[in-house]
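Note sheet for the following structure.
The values are calculated or read from the model by the stated rules, or taken from the named source; none is laboratory data. The structure presented is a predicted model; accordingly, all values stated were derived computationally and were not measured. Note: ideal-geometry Cβ built from the backbone for every residue, glycine included; neighbour counts use all protein chains shown.
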Amino acid sequence: MQKTFLYWDNLNLYTGAQDVAVAREGAAARRQVRIDFQNLLLLAQAGRPIYRTTASGKINRAFQNVLAQLHNVAAGEKLHPNMLLDRNNHLDAPGAAVLLSGNSDFLDDLMRLHAKKWRVELLSWEHSCNNEMQEWAQENGVFVALDDYYKSVTYLKETEHPRRILRPVVPLDLSRRPA
């Protein structure tokens, strides 16, 4: 079985979620939107065990709790060197690289992994994903538009009363996820 590696750019995902929240739920949603890390992990996993996870960006308590479920986690790390390290350490058994980011800085990394026979999957918000990277992923791997799962991977919290949920998460339906 092919090993699955997650590369999670939390800052890119959060800023993209803020933009989608404003477009769908109004200006106040920019401060209220939160990522449901558990459902986002399930979407990225697609039923597969995760061999290694590298996470960059702000690692808050909710994100830490989800990462704690996984083994072999590098939190607070830069994604580029870990993608290169994983590629070089698994030349004989290419894995599946699942990138959660729309940042164009990762396009060359994805191309290098693909050239070494890695399966490549990109999960990103459509509007904040680099167009060239999105098109490349659609042609050479899998592109999963987080917009299609917006209400399953985000929720809204009141800013003055952080325990008050304004819009809860809806159940995640993986049957529509591109394979």
Flagged in the stretch 75-93 as surrounded by 18 or more Cβ atoms within 10 Å (Cβ to Cβ) and either over 18 Å from Lys3 (Cβ atoms) or of a type outside the set (S, T, N, Q) (or both), in numbering order, are Leu79, Met83, Asp86, Arg87, His90
Checked pairs for the stretch 83-111, first over 13 Å from Tyr51 (Cβ atoms) and touching a residue at least 40 places away in the same chain (Cβ under 8 Å), second buried (at least 17 other Cβ atoms within 10 Å of the Cβ) and among the β-branched types (Val, Ile, Thr), C-beta under 9 Å and 6 or more apart or across chains, list as Met83/Thr54; Leu99/Val120
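Listed residues Ser152, Ser175; which is over 28 Å from Gly26 (Cα atoms) and part of a helix (DSSP H, G or I)?
Working: Ser152 fails: over 28 Å from Gly26 (Cα atoms).
Matching residue, one of Ser152, Ser175: Ser175.
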Residue that is farthest from Ser101 (Cα to Cα) [pool: residues in the stretch 26-67 that are assigned to a loop (DSSP other than H, G, I, E, B), of a type outside the set (A, V, I, L, M) and within 13 Å of the chain's Cα centre (by Cα)]
Asp36
What are the residue pairs meeting all of these: first residue in the stretch 158-170, first residue closer than 18 Å to Arg30 by Cβ and among the acidic types (Asp, Glu), second residue part of a loop (DSSP other than H, G, I, E, B) and at pLDDT 90 or above, Cβ atoms under 8 Å, and 6 or more apart or on different chains?
Glu158/Arg164
